[in-house]
Amino acid sequence: MASTLQAPPPAPPVRPPRPPRSLAGPFVLIIIGIFFLLANMGMIEWHRFGYWFSHYWPVLLILWGVVKLLEHQQASRTGARAPGIGAGGVVLIVFLVLAGLTATGMYRHWDEFGDAFHVNGDVPWWGHTYSYTDELQQAFPSGGNLRVTNDRGAVNVSTSDDNQIHITAHKRINAERQNQADDWNKSAKPQISVSGQAVTIDANTRGAGDHWVSTDLDISLPRKASVVISTHHGDVSIMGRDGNAAVTNQDGDVSVTDLNGSLSLNLDKSSARISEISSDVSIQGRANDVSLEDVKGAVRLDGDFMESVKLSRIAKPVNFKTSRTDMDFSKLDGYLNLDSGDLEATSVTGPLRLHTRSKDIMLNGVTNDVHLEDENGAVEIHLNKVGSLEVTNSKGDIRIYVPEKSSFQVEAQARDGEIQSDFSSLKIENGDNRSTASGSVNGGGPRMVINNEHGTIEIRAGAIVPIPAAPPSAKMPKTPKTPEVPEPSEN
């Protein structure tokens, strides 16, 4: 009888040894933890820790790489498998890079961020806020002029009752401790110097190095003095001057009123409210809201105005130029409101020249010549006195209102639109693709040339529009207030 042999069971598969875990992640975490511990113990200032991390966080990646390189070399010598990065390591690297880039960006733009959102104290990486006040005064030279520089803080200029210049500096300093703020306060004292007729004031906010200092300056001086002011991250207010004024401002509001000289503004992401100016006004740069009223001189605006422009009672020519709108006229007895999609003006004296696009235009009470070009917007013009008129538009209707007894002649053409008129003496032909109107009214006079594409043309009899007393519901930028000492789309 044959015996049966039972095959031995198969040997279990030999699993390769599991590679050791990498020490790179724990090594980096230990270093970060040590720094956090030292900051919590007060051995390292939080803002200094933030400064180091925002500048030197790539060193952690370098250390990570060095540890991985050493592990690879050790594995090669022993013939073992080098440890990989692993999912946790990938997450840590991604988090470290994102945190480092964020910290770098915040540090580079922290001044703007802090000033914009009023984050200037009692934040761990920012420190606590300590307040100080400095008082300075001295004789102001007869016929002198003033120049003010302030990198961070407001400047308010008013009139003094004597021949002195008086300066009150309201200072805010961010520090971990009071003794640090006291030391930095001594280094950031406002500086005043006199050279002949020129008086210079420097807020000296950089005197404490890279430590955060903000200084609001209240300055009073004789009314006849001219002023030149340059500020960043702060408002400017000028009241009561017989001399000229020039302001360069970034990220602030500028208010100027009761100025008998000329005014020049160079703005960058700032707003301006200007009133009662006896001479010319020039504004350039990139501005937000701009408001001008009661200006007896000429006005020139050149730049990009992101939100709105409001003009009221301008006695001499206005020249307005942006990347989208080019306009000039001789006088404004009423008001003009301009924003990204609309232009409304009343009681404008021509010759008026306006080139723009993508705006609905309403001109009420226009006198003398008009030359207007628009597209992607409706045009409506009410004429008080007929002059030479030329209007070109596309993708929007045109309406012209003319005093009923006026004398003028018309030559109008509309493609893909009709022409209508209240004046029976005009010859109108409306076709499928093209409409025309021509003729004279009340014996003829100034010539009106109107061209439109993809829109209608209406020529209506309208009454003379009276001059309004003030612009309706005009929203003006607020006048900067005197600073208080705190407690411890393009048009």
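Annotation: A175 fulfils all but one of (1) under 26 Å from S270 (Cα atoms); (2) of a type in the set (A, V, I, L, M); (3) touching a Gly at 6+ places or on another chain (Cβ under 6 Å); the unmet one is (1).
Could you tell me whether segment 30-39 includes any residue that is farther than 21 Å from L98 by Cα, at pLDDT below 70, in a loop (DSSP other than H, G, I, E, B) and of a type outside the set (D, E)? No, every residue in segment 30-39 fails to be farther than 21 Å from L98 by Cα, at pLDDT below 70, in a loop (DSSP other than H, G, I, E, B) and of a type outside the set (D, E). Out of all the residues in segment 78-101, is one or more within 30 Å of R206 (Cα to Cα), out of contact with any Phe, Trp or Tyr (no Cβ under 6 Å at 6 or more places or on another chain), at pLDDT below 80 and not in a strand (DSSP E or B)? Yes: segment 78-101 contains one or more residues that are within 30 Å of R206 (Cα to Cα), out of contact with any Phe, Trp or Tyr (no Cβ under 6 Å at 6 or more places or on another chain), at pLDDT below 80 and not in a strand (DSSP E or B).
How about segment 244-259: which of its residues are of a type in the set (D, E) and assigned to a strand (DSSP E or B)? Before you say what the answer is, go through the steps one by one.
Within segment 244-259, the first condition is being of a type in the set (D, E), and the residues that meet it are 251, 253, 258.
Selection gives D253, D258.
Consider L292 carefully, then state whether it is in contact with a strand residue (DSSP E or B) (Cβ under 6 Å, 6 or more places away or on another chain), in a strand (DSSP E or B) and farther than 29 Å from D161 by Cβ. Judged against the criteria, L292 is a match. Checking each residue of segment 245-254 against the condition of being of a type outside the set (D, E) and farther than 21 Å from E307 by Cβ gives at least one match.
Looking only at segment 390-408, decide whether some residue is over 29 Å from T325 (Cβ atoms) and either in contact with a Lys or Arg (Cβ under 7 Å, 6 or more places away or on another chain) or part of a strand (DSSP E or B) (or both). It would help to see each step written out before you state the result.
Within segment 390-408, the subset over 29 Å from T325 (Cβ atoms) is 404-405, 407.
Filter once more, so that each one left must be either in contact with a Lys or Arg (Cβ under 7 Å, 6 or more places away or on another chain) or part of a strand (DSSP E or B) (or both): none.
No, segment 390-408 has no match at all.
Just one of the numbered conditions (1) at pLDDT below 95; (2) assigned to a strand (DSSP E or B) is not true of S323: (2).
Looking only at residues of segment 375-410 that are surrounded by 15 or more Cβ atoms within 10 Å (Cβ to Cβ) and of a type in the set (D, E), we find that the one that is farthest from V449 (Cα to Cα) is E375. Tell me, yes or no, whether segment 205-222 has at least one residue that is at negative phi, touching a Ser or Thr at 6+ places or on another chain (Cβ under 9 Å) and assigned to a helix (DSSP H, G or I). No; the residues of segment 205-222 include none that is at negative phi, touching a Ser or Thr at 6+ places or on another chain (Cβ under 9 Å) and assigned to a helix (DSSP H, G or I).
The values are calculated or read from the model by the stated rules, or taken from the named source; none is laboratory data. All figures in this text were calculated on a predicted structure; none of them were measured in a lab. As a convention, Cβ positions derive from the backbone with ideal geometry for all residues, glycine included, and neighbour counts pool all protein chains shown.
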